[in-house]
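Structure first, commentary second.
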Amino acid sequence: MAGKNFSVLGFPSNDFGGQEPGTATEIAEFCKRTYDVDFPMFSKVVTKPGDAQSPIYKFLGTSGNLPKWNFSKYVVDKNGKIVAFFDSKVKPTRLSSWTRLRSDVRVAFPQLGDLLTHAGVCYTASMGKDSLSITDNRTGKTYEVLLIDGNIRARDLKQIQKDPDDFGVMSYDPAFMNTASCQSKITFIDGDKGILRYRGYPIEQLAEKCTFLEVAYLLVYGELPTEDQMREWSDGIKYHTMIPEYTKKSMEGFRYDAHPMGMMVSQAAALSTAYPDAKDISDPASRRLQTIRLIAKMPTIAAYAYRHGLGLPYVYPDNDLSYTATSSA
């Protein structure tokens, strides 16, 4: 919590059931994607006593407590004193868990009050105007749920429990009629007002003034390309327009009246067998290459699907044509 002298630090470990076998980067990305963790994640550590034990856990072990499973939690004051330990069974989203903090924790952090942590986001029990107060009429208890950009996290409802054995309240929203699955920095859409923006640019401006590949560059990198960037981007796309021969032959197995979208989706999936390096999602250079490959090969696949439906022989992509023209070759 910037400006409040409080930090949350994460130390992944593979000591418990081999649950974190990947690299530190892969673990951090998984935690961010799965648990919305946004606090710093450090290199993997060994928590168990021995020659390989991390110095940080040698220190934490002096409290008489070492982790028995993932998600164990320590509170260390600004003087380096270990003032509290919570095992993995204690859920940091529950206020009742944190009210068990000893008085010396309250002395160490008087400005935080009854501290709550939720997936790396720290906030006090009194959240002010950017929150909702929810009263459970079954128990009479009142809960505060943080508002983020006017929205709540469905997972925050889980703290509302009828009794300790209750799983907690869940949101039920068939077809995602009023649920957002992510925060997008790419797209803004308001269907009722007819607004669609990509990276802040109105779609009507992009449609009138930009090519397909310029918009693709915008979506990937966040800004429209310069002339030099566009030249490099286009050359990279043209270099990867061909699809492997064996994936082309697999298209011949479809019926003459197969739906083009089904054919295109299946061929896109088949490309993963031709490029095993695509599995290295933690490598930015690999991700960029797979992005270029997929953009480059889509017009070729679309053209092959179209010609297949007409019973015509396939034609190799012509890189002298524009990007969109190759799909009708």
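The values are calculated or read from the model by the stated rules, or taken from the named source; none is laboratory data. Model, not experiment: these values are computed from the prediction. Here the Cβ positions follow ideal geometry from the backbone for every residue, glycine too, while neighbour counts run over all protein chains shown.
Structural remarks
- Qualifying positions in segment 261-306 - assigned to a helix (DSSP H, G or I), within 30 Å of Ile27 (Cβ to Cβ) and among the hydroxyl-bearing types (Ser, Thr, Tyr): Ser272, Thr273, Ser286, Thr291
- Filter result (in contact (Cβ under 8 Å) with a residue 40 or more places away in the chain and within 19 Å of Ser322 (Cα to Cα)) within segment 191-223: Thr211, Phe212, Leu213, Ala216
- Breaking point among (1) without any contact (Cβ under 8 Å) to a residue 40 or more places away in the chain; (2) surrounded by 12 or more Cβ atoms within 10 Å (Cβ to Cβ); (3) not in a loop (DSSP other than H, G, I, E, B), for Asp156: (1)
- Top-ranked residue of segment 179-197 - restricted to ones that are among the polar types (S, T, N, Q) and not in a strand (DSSP E or B), ranked as farthest from the chain's Cα centre (by Cα): Thr179
- For the condition surrounded by 10 or more Cβ atoms within 10 Å (Cβ to Cβ), more than 29 Å from Gly222 (Cα to Cα) and either modelled with pLDDT of 90 or more or not aliphatic (A, V, I, L, M) (or both), Val169 qualifies.
- Residues of segment 159-176 that are farther than 21 Å from Gly140 by Cβ, touching a helix residue (DSSP H, G or I) at 6+ places or on another chain (Cβ under 9 Å) and free of Cβ contacts under 8 Å to residues at least 12 places away in the same chain: Asp173 alone.
- Residue check for Asp235: of a type in the set (D, E, K, R), in a loop (DSSP other than H, G, I, E, B) and more than 29 Å from Glu26 (Cα to Cα): no
- Being under 20 Å from the mean Cα position of the chain (by Cα), on the phi < 0 side of the Ramachandran plot and not small (Gly, Ala, Ser) is a description that does not apply to Gln205.
- The requirement of being outside the structural domain of Ile295 (by TED's automatic domain parsing), under 25 Å from the mean Cα position of the chain (by Cα) and surrounded by fewer than 11 Cβ atoms within 10 Å (Cβ to Cβ) is not satisfied by Gly200.
- Residue in segment 252-259 that is part of a helix (DSSP H, G or I) and either at pLDDT below 90 or assigned by TED's automatic domain parsing to the domain that holds Ser234 (or both) present: no
- For segment 37-80, a residue qualifies if it is outside any loop (DSSP other than H, G, I, E, B) and surrounded by 14 or more Cβ atoms within 10 Å (Cβ to Cβ), and the qualifying residues are Met41, Ile56, Tyr57, Leu60, Gly61, Lys73, Tyr74, Val75, Val76.
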